[in-house]
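The values are calculated or read from the model by the stated rules, or taken from the named source; none is laboratory data. What you see is a predicted model; the values in this text were computed from it and never measured. Ideal geometry is used to build each Cβ from the backbone, glycine not excepted, and the neighbour counts take in all protein chains shown.
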Amino acid sequence: MEPRPLSIIYTTFNETDIIERSLASVAGWSDDLQIVDSYSTDGTAELLAARTDVQLVQRAYSGPADQKNWAIGRARHEWILLLDADEIVTPELRREIDDLLRAPDLQDAYWIRRNNYFMGRRIRYSGWRNDRVVRFFHRDRARYNDRQVHEEIRLDGLRVGELSGRLEHYTFKHMDHFLDKTRRYARWKAQDTAERTPRVTWFHLLIKPGFRFFSQYVLKGGFRDGREGLIICYVVAYGVFLRYAFLLAERQNTRA
């Protein structure tokens, strides 16, 4: 049978260092390649506007789930592959999705595993070993939840499969990017957990960050990733501390 048409969607902000490499991995694949840019300041929008193979639209950013849900609603075709600019589609994954688009019956959505890279090295442990995301799905059946951090497709009531092909994920450009993202996510995570945390205690500021480091470095094998694993596990634990520090500071400032 003829393959079903595919829409490919990106949401971007300041991605000049990686976006062209990602776009090369999906070149010639879709007649509906849309990019929703959050008013990049590094030339990303200008770079994309000069391309004839993409449809660029800019929209103010209020959160990752809101931006992606808005972009999903713009898709022309029923089946969507939604990507971040730091994700590269492997040839194996592309072939697998092509085969599914020709299949008589599909699930509603599919998990895709990611190979994660940090400081030029593939990270195989450190809590990233089983990283997977739902990125291939039916437009009319899938939407993201409203979480500010680690937003995910709502899967209740959906038929969900898993693909064997993978994404190559170059999540952090450099150490400053890693630390900036950790701080930003900690602020957002503080909003997500505020209702579940009526009082910030020493448990939140000391025990939870300590256990996160122990879990990722020891239980999840971060030590096997060498120096890079140590850095990842330490910074992730620091992000847990910052989450509750931001929440505590905000509440105290509100009472002042």
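In summary, ASP17 fulfils each of the numbered conditions (1) free of Cβ contacts under 8 Å to residues at least 12 places away in the same chain; (2) over 27 Å from ASN145 (Cα atoms); (3) assigned to a loop (DSSP other than H, G, I, E, B); (4) not aromatic (Phe, Trp, Tyr) with the single exception of condition (1). Residues in region 37-50 that are in contact with a Leu (Cβ under 8 Å, 6 or more places away or on another chain) and outside any helix (DSSP H, G or I): ASP37 alone.
Listed conditions (1) surrounded by fewer than 20 Cβ atoms within 10 Å (Cβ to Cβ); (2) closer than 23 Å to ASP131 by Cα; (3) of a type in the set (Val, Ile, Thr) are all met by ILE19, apart from (1).
Consider LEU6 carefully, then state whether it is surrounded by 21 or more Cβ atoms within 10 Å (Cβ to Cβ), in contact (Cβ under 8 Å) with a residue 60 or more places away in the chain and of a type in the set (A, V, I, L, M, F, W, C). Yes: the conditions hold for LEU6.
Regarding TYR110, is this residue of a type in the set (Ser, Thr, Tyr), in contact with a Phe, Trp or Tyr (Cβ under 9 Å, 6 or more places away or on another chain) and touching a residue at least 12 places away in the same chain (Cβ under 8 Å)? Here the answer is yes, as TYR110 does meet what is asked. Annotation for region 239-255: no member residue is at pLDDT below 90, outside any helix (DSSP H, G or I) and not β-branched (Val, Ile, Thr). With respect to THR182, determine if the residue is touching a His at 6+ places or on another chain (Cβ under 9 Å) and surrounded by 15 or more Cβ atoms within 10 Å (Cβ to Cβ). The answer is no for THR182.
Within region 59-74, the residues that satisfy the criterion of being surrounded by fewer than 20 Cβ atoms within 10 Å (Cβ to Cβ) and either free of Cβ contacts under 8 Å to residues at least 60 places away in the same chain or assigned to a loop (DSSP other than H, G, I, E, B) (or both) are ARG59, ALA60, TYR61, SER62, GLY63, TRP70, GLY73, ARG74. Scanning region 195-211 for residues that are surrounded by fewer than 15 Cβ atoms within 10 Å (Cβ to Cβ) and either assigned to a loop (DSSP other than H, G, I, E, B) or among the hydroxyl-bearing types (Ser, Thr, Tyr) (or both) yields GLU195, ARG196, PRO198, ARG199, THR201. Please tell me if TYR217 is at pLDDT 90 or above, in contact with a helix residue (DSSP H, G or I) (Cβ under 8 Å, 6 or more places away or on another chain) and of a type in the set (Phe, Trp, Tyr). Yes.
Taking the conditions (1) of a type in the set (A, V, I, L, M, F, W, C); (2) in the same structural domain as GLU78 (by TED's automatic domain parsing); (3) surrounded by fewer than 18 Cβ atoms within 10 Å (Cβ to Cβ) in turn, ALA142 satisfies each one other than (3). Take the conditions over 21 Å from the mean Cα position of the chain (by Cα) and at positive phi and apply them to GLY210. Does it pass? Against the criterion (over 21 Å from the mean Cα position of the chain (by Cα) and at positive phi), GLY210 does not qualify. The set of residues in region 30-49 being in contact with a strand residue (DSSP E or B) (Cβ under 8 Å, 6 or more places away or on another chain) and on the phi > 0 side of the Ramachandran plot consists of TYR39 alone.
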